[in-house]
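A quick write-up on the structure given underneath.
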2 protein chains.
Amino acid sequence: MNHTLGIDLGGTSVKLGLVSREGALVSRSEIPTNAGSGAEGITSSIAKACHELLDKAGLKAAGAGIGIPGGVNPADGAVSFMPNIPSLVGFPMGKRMSELLGCPVFLDNDANNAARGEFLFGAARGMKNFVLVTLGTGIGGGIFINGDIYDGSSNYSGEIGHMIVVPNGRRCGCGNYGCWEAYGSASSMITRAKSLIERNAGTSLRKYYPDNLSVKAIEDEAKAGDITAAEIWDQALRYVGIGIANLVNILNPEAVIIGGGIANSGKPLLKRVTDMASMNAMPMPWANTRILLAELGNTAGVIGSAALAFMKLQDRSDR
Amino acid sequence: MNHTLGIDLGGTSVKLGLVSREGALVSRSEIPTNAGSGAEGITSSIAKACHELLDKAGLKAAGAGIGIPGGVNPADGAVSFMPNIPSLVGFPMGKRMSELLGCPVFLDNDANNAARGEFLFGAARGMKNFVLVTLGTGIGGGIFINGDIYDGSSNYSGEIGHMIVVPNGRRCGCGNYGCWEAYGSASSMITRAKSLIERNAGTSLRKYYPDNLSVKAIEDEAKAGDITAAEIWDQALRYVGIGIANLVNILNPEAVIIGGGIANSGKPLLKRVTDMASMNAMPMPWANTRILLAELGNTAGVIGSAALAFMKLQDRSDR
């Protein structure tokens, strides 16, 4: 198995890549998801794009992995929930894709796959126990225990973004109040910025309102001395640190690895989050924990999905 | 290995028991810890009590387990921290006890052992993934993953009592603010009751002040209609439920098992905590999770420590 296909299925686009055993992204493409075309339509257009990618590269894939923004039913391998593409719920996507591609196809949550990618090819190489925290629109998590994803008892471990960090706090997209992702995600920062601008706060963020507000804009204006932007930035990273401290206290991992869009902010973010986590974690589990940035960046979805295929094929050949 | 010794080491007393392979507590005794007598003194008086227990029962022990209110260094098996009995820190208690007893002796944190006890002989029989939450003076945790204690990367997993649930909240014994144990432990309820009485709140709890205040008193007065007591009780169980929901969201366990002194309150407590956890957990990881009361009660320390010995001896014979 020299190459596998990684398929990163999102609500608006599907990213595809052919990944080598060393983690190199040999070839890539992107197609629209066409969420409206139904489960069979979505799946067959992805399979077509995979065949084109393989033909162009002149290579074969030993298998394929698909990362979905949702969950998989361990009993039948079907999609069990996917808020962005409801037509796929209940559909045995891995099985159908396997028929269309003529190779084994594996399906898992995108955050789990991103953790697999970091494990095989990124910041978590050689680690047995770590947590990948993806800070993006939401907060997702992939938990590695004893060198593999810990699935939980019904395949729903790692809903770390919905850990309550402020009882009776801000409303979260999930319908509950005070979830970590309502305080530490990229979208929580943007929502906060919008609502402060709408309330007439004095802030240089106004020039980005409404459509160009981004984590980068908030970080830049904070650095440039805007107090409102700095407050949004500092508060979000404080909560990121608190959530990470909670994971350290519970799981005593070798590392917590920060991925997702916010991680692009790099070292200043890492320093602040690490200091905040350090303040809130117990000294003993904290002592040996490293807080690291994910290494796969924008390719995490594709390479992580390919990593799923590599790991599952390896499991099969070990048996 | 028909019997093992379970040794539950506390700050003021040591409980000992001889436990059968079926989990029966065949024989038991209790001695003062004599924390002032130093590591060697404490250890030799426990060994003496073990010999007496075995002689009286006319039985041999295949091994012994010790549960400590603290941590063990995985590198050398020595006690790595124990706030209640500082003289034991750095002392290779398992090794020394093994010399004195003439059988293998194993050492671990008491909450981990309580989880082992529930796994072999109690509420968690047959489960692979569960969390034992001990609600007592503090909140401790033992996390089972794939049928055994998950130790974490440096033997400090399960510090669940220090998960932050209220940023900038009540001061915790650990020195931080807002830890779960400052809101959901037995001592947090008693501290809250004392401070309300001292502030002249109208409450029937006053008759227990200061030395007879207990979780039972608070529960009883709450049931009898005292609004202050009910508020303390309800608030604490609300936080217990929130912390459990966080564990469910992160770990998707088969069950969360509630042990420790508070668990004596039984079914009404279980109902309230379950409802509060249900409100705060994500529907998917929650769907298959059971919230259960621990079954070993007051014997959890001794039987759990004996369970540690049974499990470690089994591991050895499997190798």
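The values are calculated or read from the model by the stated rules, or taken from the named source; none is laboratory data. From a predicted model like this one, the values you see are computed outputs, not experimental measurements. Backbone-built Cβ (ideal geometry, glycine too); neighbour counts: all protein chains shown.
Structure data summary
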quantity	calculated
Single unsatisfied condition, A:SER187 versus (1) touching a Ser or Thr at 6+ places or on another chain (Cβ under 9 Å); (2) assigned to a loop (DSSP other than H, G, I, E, B); (3) modelled with pLDDT under 95	(2)
Region B:211-236: number of residues that are surrounded by 20 or more Cβ atoms within 10 Å (Cβ to Cβ) and within 13 Å of another protein chain (Cβ to nearest Cβ)	1
Near pairs, Cβ below 8 angstrom, 6+ apart or cross-chain, from region B:238-264 (assigned to a strand (DSSP E or B)) to any residue that is surrounded by fewer than 24 Cβ atoms within 10 Å (Cβ to Cβ) and basic (Lys, Arg)	B:ALA255/B:ARG290; B:VAL256/B:ARG290
From the options B:ALA35, B:ALA39, B:ALA114, residue that is closer than 29 Å to B:ILE160 by Cα, out of contact with any Cys (no Cβ under 6 Å at 6 or more places or on another chain) and touching a residue at least 60 places away in the same chain (Cβ under 8 Å)	B:ALA114
Candidates A:ILE262, A:ILE257, A:ILE250, filtered to the one that is crowded, with 16+ Cβ neighbours inside 10 Å and at pLDDT below 95	A:ILE262
Inter-residue pairs, beta-carbon under 9 Å, first over 14 Å from A:GLY243 (Cα atoms) and in region A:160-188, second in a loop (DSSP other than H, G, I, E, B) and among the β-branched types (Val, Ile, Thr), 6+ apart	A:GLY173/A:THR137; A:TYR177/A:VAL166; A:ALA186/A:THR137; A:SER187/A:THR137
Pick from region B:112-144, criterion crowded, with 24+ Cβ neighbours inside 10 Å and among the β-branched types (Val, Ile, Thr), ranking: farthest from the other protein chains (Cβ to nearest Cβ)	B:THR134
Any chance A:LYS194 is basic (Lys, Arg), part of a helix (DSSP H, G or I) and at pLDDT 95 or above	yes
Residues satisfying the stated conditions in region A:242-271, i.e. under 21 Å from B:MET163 (Cβ atoms) and more than 10 Å from every other protein chain (Cβ to nearest Cβ)	A:ILE244, A:VAL256, A:ILE257, A:ILE258
Positions within region B:146-181 being in contact with a Phe, Trp or Tyr (Cβ under 9 Å, 6 or more places away or on another chain), part of a helix (DSSP H, G or I) and more than 7 Å from chain A (Cβ to nearest Cβ), in sequence order	B:GLY161
Check on B:ILE291, outside any helix (DSSP H, G or I), among the hydrophobic types (A, V, I, L, M, F, W, C) and closer than 21 Å to B:VAL165 by Cβ	yes
